[in-house]
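Novice: Structure provided below as structure tokens; questions to follow.
The values are calculated or read from the model by the stated rules, or taken from the named source; none is laboratory data. Everything numeric here is computed off the predicted structure, so don't read it as measured data. So basically every Cβ, Gly included, is an ideal-geometry build from the backbone, and we count neighbours across all protein chains shown.
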Amino acid sequence: MAYRLGIDTGGTYTDGVIWDDSEQTIITKAKALTTYGNLVEGITNCLQALNFDDWARIKGVALSTTLATNAIVEGRGCEVGLLLIGHPPIDVIPTPYVEVVTGGHDVQGDQLAELDTNGMNLALDRFNGKVEAVAISGYFSVRNPEHETIARDIVINKLGIPVVCGHQLTTALGFHERTVTAVLNAKLIPVIAELITSVKTVMISMGITAPLMLVKGNGTLMNEEAARKKPIDTILSGPAASVVGSTTLAGCSEAIVMDMGGTTTDIAILKNGKPRISPEGAMISNWLTRVEAAEIYTYGIGGDSYIHLNADKELAVGPQKVWPLSLVVKQYPYLQEEISEQAETKSCRTNFQPTDAFMLVKDNYSKCTAVEANIIKLLADGPHTFVYLARQLQDEGLQDFQLLATLGRLAGNDVLVKISLTPTDLLHVMGQYISWDTNAAKLGVAIMAKELGVGAKQFLKLAWDAIMENLYFAVIQSLLNYEGSSILLHKNKDIKYLFQKALHAGGDTLGLSARVHYPIIAIGAPAHAYLSQIAKKLDCELITPEDADVANAVGAVSGQVVEKLKIIVKSMPGNGATLHFPWERKTFSDYQLAKQLGIEQGRLHAKEMAEQSGATDIEIVMEVEDVYADSNKRLGDKILLETRITIIVLGRPKW
């Protein structure tokens, strides 16, 4: 009997399951902390905790992850140079390194201007030494990728670093969204490469020779080679896997799936057992991409969200992720005394709370300054507070803001992480989750209560209410989005006021209530502790599957390979046609010939795409739509404008 191994590497935990596909049951499951500085350690700990030794029976390994999503939310990843061809940026771009050169095409794929290769070489000289990858986005490159292809070859020859072209990631129009997608894909290359390498290292050490597949944001699978080229496809991988896993475990065809992790809460609406595929592309942390993904709404609230006072001295939760005090103090008990001492001398300020400490997760950072090297050395044996580090570095002559900026820079490069008060700590104080050090959590609450000028009990209530409000509005906003509403609750105070009335039932004159017709499926280890109150406020059922804590890993091994290819044939005067493949543009004097060639070559290319993603037992579904315009409505005459060819290839993973 063959088994599959499912792994989910999340922001806080790495989950593992051994899955019996024939019986559709879990043989064994385990969790271990994700170790950012050395992913191998956390994955190894997880697999060892499975207490399974017959690894030769594993015929397939499937991996889902929130690392790509979290990296975008937290602004992490490598430095990327963006080369724009034919048009300046339309809006904000997720990189400061942007160069624009002449070139580009129009909507028909005709050249607007000759590509300026001299200007491009000068731009690459400015990138040299500053960036680790280059993203290229040409104006209307999805109608003709010629300039992007030429630019790619020049970058490879000149800089020898990874290159990402917009036309390779999507066939959809939208210059800005395609540009954002290309930049984020480039930023994620080292993030996903490190993850794949870590998993493969552990597989080898365990004697697992089975092929490795990764979950894409639409819940389907791709092999590791495809994932290395298009890491952007793994955004929302973890949430997509949780949706697949929740349907497998809970058996609900219509539900709200809420996956509450350490960094984010991800929400999907199930109808007929499936989430809707986002028509515009996945939206992550205010970045609209052109990545096909399940329509999953992501919010910066999780078990490890940073509880802090903002610039206006108001209590806030998230979106930054930190490590819980209770977790770290359990491993390093001395830190509790350091935090107590720090609270006596330091108060809240920008980018700092007296509950903050810092822990090293990567000691091989090669680009550090002398001060950064000293910080890394001081944290080598364990975490310490800001006050401790400032005392040890007093000979450097740093002011507080300079040291905080340095620590922030190291955190941004994943060299260290911040430790502070989190919702997980609140659960410890409330006695609802007591896996770690409760006294450390109580200390954090006492310190922040003092900063806010209230008692510990009142602070606990205020912080918990803030978490509940964030989760409540996340559900409401997701349902509004799903129904096609343009209402944004964080911008519309009047409508938000009405929902706040429903959340905080009561009032002297006006009382409102809200009711959700679908049940909520709670996914994540302590998700039930947070969501039971939310379900009660929304007057709906809460379902917590027996194995909700490893639903993502279950979903990873339950997927199939699906590839989609879109081709457009546009009419030209005199019965001619322009055939727009994702990889090239061709012109023909005969429209039907262009259409037939599009279908034939598209079918072959789509099949090859699926095989390269690791599919077998392939099935091809094709949709061909002719689009007409009325030339004379009175006579009913029509003119053929274009033909849209969509080819969908489905297959089982080649385990």
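Novice: Within region 383-431, can you find the residues that are touching a residue at least 40 places away in the same chain (Cβ under 8 Å), touching a strand residue (DSSP E or B) at 6+ places or on another chain (Cβ under 9 Å) and among the polar types (S, T, N, Q)?
Specialist: Residues satisfying the conditions are Thr385, Ser420, Thr422, Thr424.
Novice: Please verify whether Lys313 is farther than 23 Å from Ala466 by Cβ, basic (Lys, Arg) and surrounded by fewer than 22 Cβ atoms within 10 Å (Cβ to Cβ), treating the condition exactly as stated.
Specialist: Values: farther than 23 Å from Ala466 by Cβ: no; basic (Lys, Arg): yes; surrounded by fewer than 22 Cβ atoms within 10 Å (Cβ to Cβ): yes.
No, not satisfied.
Novice: Take the residues in region 162-195 that are touching an Asp or Glu at 6+ places or on another chain (Cβ under 7 Å) and free of Cβ contacts under 8 Å to residues at least 60 places away in the same chain, then tell me which one is surrounded by the most Cβ atoms within 10 Å (Cβ to Cβ).
Specialist: Step by step, filter region 162-195, then rank; the result is Gly166.
Novice: Mind checking whether some residue in region 322-333 is touching a residue at least 12 places away in the same chain (Cβ under 8 Å) and in a strand (DSSP E or B)?
Specialist: Within region 322-333 (the criterion being touching a residue at least 12 places away in the same chain (Cβ under 8 Å) and in a strand (DSSP E or B)), the answer is yes, since at least one residue qualifies.
Novice: Need pairs with beta-carbon distance below 7 Å; first residue under 13 Å from Gly174 (Cβ atoms) and within region 278-298, second charged (D, E, K, R) and modelled with pLDDT under 80; sequence gap 6+ or separate chains.
Specialist: That search, which allows pairs on different chains as well, returns Leu288/Glu280.
Novice: Residue by residue through region 199-225, note down the ones that are modelled with pLDDT under 90 and of a type in the set (Gly, Ala, Ser).
Specialist: Gly217, Gly219
Novice: Out of all the residues in region 341-353, is one or more polar (S, T, N, Q) and in contact with a Leu (Cβ under 6 Å, 6 or more places away or on another chain)?
Specialist: Scanning region 341-353 turns up at least one residue that is polar (S, T, N, Q) and in contact with a Leu (Cβ under 6 Å, 6 or more places away or on another chain).
Novice: As an exercise: evaluate Leu398 against (1) loosely packed, with under 14 Cβ neighbours inside 10 Å; (2) hydrophobic (A, V, I, L, M, F, W, C); (3) more than 26 Å from Val317 (Cβ to Cβ) and give the number of the one condition it does not meet.
Specialist: Result: Leu398 passes all but (1).
Novice: Does Leu593 satisfy being assigned to a helix (DSSP H, G or I), in contact with a Leu (Cβ under 9 Å, 6 or more places away or on another chain) and either surrounded by fewer than 21 Cβ atoms within 10 Å (Cβ to Cβ) or without any contact (Cβ under 8 Å) to a residue 12 or more places away in the chain (or both)?
Specialist: no
Novice: Working only within region 528-568, note down all residues that are part of a helix (DSSP H, G or I), more than 29 Å from Ile647 (Cα to Cα) and of a type outside the set (Gly, Ala, Ser). If you could, list the steps in order and put the result at the bottom.
Specialist: Initial filter on region 528-568 (part of a helix (DSSP H, G or I)): 528-537, 548-556.
Adding the requirement that they be more than 29 Å from Ile647 (Cα to Cα) leaves 528-537, 548-551, 553.
His528, Tyr530, Leu531, Gln533, Ile534, Lys536, Lys537, Asp549, Val550, listed by residue number.
Novice: Do you know which residues across region 437-457 are of a type outside the set (D, E, K, R) and surrounded by 20 or more Cβ atoms within 10 Å (Cβ to Cβ)?
Specialist: Ala440, Ala441, Leu443, Gly444, Val445, Ile447, Met448
Novice: Among the residues of region 8-24, are any out of contact with any strand residue (DSSP E or B) (no Cβ under 7 Å at 6 or more places or on another chain) and without any contact (Cβ under 8 Å) to a residue 40 or more places away in the chain?
Specialist: Yes, there is a match, as at least one residue in region 8-24 is out of contact with any strand residue (DSSP E or B) (no Cβ under 7 Å at 6 or more places or on another chain) and without any contact (Cβ under 8 Å) to a residue 40 or more places away in the chain.
Novice: Would you point out which residue out of Val328, Val361 is in contact with a Leu (Cβ under 9 Å, 6 or more places away or on another chain) and under 26 Å from Tyr530 (Cα atoms)? Steps first, answer last, please.
Specialist: Details: Val361 fails: under 26 Å from Tyr530 (Cα atoms).
Result: Val328 is the single residue among Val328, Val361 that is in contact with a Leu (Cβ under 9 Å, 6 or more places away or on another chain) and under 26 Å from Tyr530 (Cα atoms).
Novice: What about Leu510, is it surrounded by fewer than 15 Cβ atoms within 10 Å (Cβ to Cβ), in contact (Cβ under 8 Å) with a residue 12 or more places away in the chain and not in a strand (DSSP E or B)? Let's see the steps before the verdict.
Specialist: On the way: surrounded by fewer than 15 Cβ atoms within 10 Å (Cβ to Cβ): yes; in contact (Cβ under 8 Å) with a residue 12 or more places away in the chain: no; not in a strand (DSSP E or B): yes.
It is false that Leu510 is surrounded by fewer than 15 Cβ atoms within 10 Å (Cβ to Cβ), in contact (Cβ under 8 Å) with a residue 12 or more places away in the chain and not in a strand (DSSP E or B).
Listed here are the residues, each with its yes/no results for (1) under 30 Å from Gly60 (Cα atoms); (2) buried (at least 21 other Cβ atoms within 10 Å of the Cβ); (3) without any contact (Cβ under 8 Å) to a residue 12 or more places away in the chain.
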{"position": "Glu541", "(1), (2), (3)": "no, no, no"}
{"position": "Asp547", "(1), (2), (3)": "yes, no, no"}
{"position": "Gln560", "(1), (2), (3)": "yes, no, no"}
{"position": "Lys564", "(1), (2), (3)": "yes, no, no"}
{"position": "Ala577", "(1), (2), (3)": "no, yes, no"}
{"position": "Glu584", "(1), (2), (3)": "no, no, no"}
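Novice: Next question, about the same structure. Among the listed residues Gly555, Gly524, which satisfies the condition of being surrounded by 19 or more Cβ atoms within 10 Å (Cβ to Cβ), on the phi > 0 side of the Ramachandran plot and in contact with a strand residue (DSSP E or B) (Cβ under 9 Å, 6 or more places away or on another chain)?
Specialist: Working: Gly555 fails: on the phi > 0 side of the Ramachandran plot.
Of the residues listed, the single one that is surrounded by 19 or more Cβ atoms within 10 Å (Cβ to Cβ), on the phi > 0 side of the Ramachandran plot and in contact with a strand residue (DSSP E or B) (Cβ under 9 Å, 6 or more places away or on another chain) is Gly524.
Novice: Moving on to the next point. Please list, ordered by first then second residue, the pairs with beta carbon atoms under 6 Å, 6 or more apart or interchain, first in region 86-115 and in the same structural domain as Ile150 (by TED's automatic domain parsing), second part of a loop (DSSP other than H, G, I, E, B) and among the β-branched types (Val, Ile, Thr).
Specialist: Tyr97/Val131; Ala113/Thr102
Novice: Looking only at residues that are aliphatic (A, V, I, L, M) and within 16 Å of Asp539 (Cβ to Cβ) in region 458-481, which one is surrounded by the fewest Cβ atoms within 10 Å (Cβ to Cβ)?
Specialist: By that ranking, first place goes to Met468.
Novice: Checking Val244 against (1) touching a strand residue (DSSP E or B) at 6+ places or on another chain (Cβ under 7 Å); (2) within 29 Å of Asp20 (Cα to Cα), which test does it fail?
Specialist: (1)
Novice: At pLDDT 90 or above and within 27 Å of the chain's Cα centre (by Cα): does that describe Leu565?
Specialist: The answer is yes for Leu565.
Novice: With region 341-454 as the region, which helices (runs of 4 or more DSSP H) entirely inside it contain at least 1 residues that are of a type in the set (Phe, Trp, Tyr)?
Specialist: Numbers: elements: 370-378, 386-392, 400-412, 423-430, 438-452.
The helices (runs of 4 or more DSSP H) meeting that bar are 386-392, 400-412.
Novice: Can Val92 be described as touching a Lys or Arg at 6+ places or on another chain (Cβ under 9 Å) and either of a type in the set (Val, Ile, Thr) or surrounded by fewer than 22 Cβ atoms within 10 Å (Cβ to Cβ) (or both)?
Specialist: no
Novice: So, in region 195-223, exactly how many residues are touching a Phe, Trp or Tyr at 6+ places or on another chain (Cβ under 9 Å), over 18 Å from Ile235 (Cα atoms) and either hydrophobic (A, V, I, L, M, F, W, C) or in the same structural domain as Lys607 (by TED's automatic domain parsing) (or both)?
Specialist: Total satisfying the criteria: 4.
Novice: Ok, one more. Test of understanding: among Leu5, Leu63, Leu33, which residue is in contact (Cβ under 8 Å) with a residue 12 or more places away in the chain, surrounded by 24 or more Cβ atoms within 10 Å (Cβ to Cβ) and out of contact with any Leu (no Cβ under 6 Å at 6 or more places or on another chain)?
Specialist: Of Leu5, Leu63, Leu33, the one residue that is in contact (Cβ under 8 Å) with a residue 12 or more places away in the chain, surrounded by 24 or more Cβ atoms within 10 Å (Cβ to Cβ) and out of contact with any Leu (no Cβ under 6 Å at 6 or more places or on another chain) is Leu5.
Novice: How many residues are more than 30 Å from Ala71 (Cβ to Cβ) and not acidic (Asp, Glu) when one looks only at region 105-131?
Specialist: Number of matching residues: 13.
Novice: In this structure, is Pro354 surrounded by 21 or more Cβ atoms within 10 Å (Cβ to Cβ), under 24 Å from Ala440 (Cα atoms), out of contact with any Lys or Arg (no Cβ under 7 Å at 6 or more places or on another chain) and of a type outside the set (S, T, N, Q)?
Specialist: Criteria not met by Pro354.
Novice: Among the numbered criteria (1) more than 27 Å from the chain's Cα centre (by Cα); (2) outside any helix (DSSP H, G or I), which single criterion is violated by Ile521?
Specialist: The one condition Ile521 does not meet is (1).
Novice: When you check Ala440 against the structure, is it closer than 30 Å to Asn38 by Cβ and not β-branched (Val, Ile, Thr), yes or no?
Specialist: Yes; evaluated as a whole, the condition is true for this residue.
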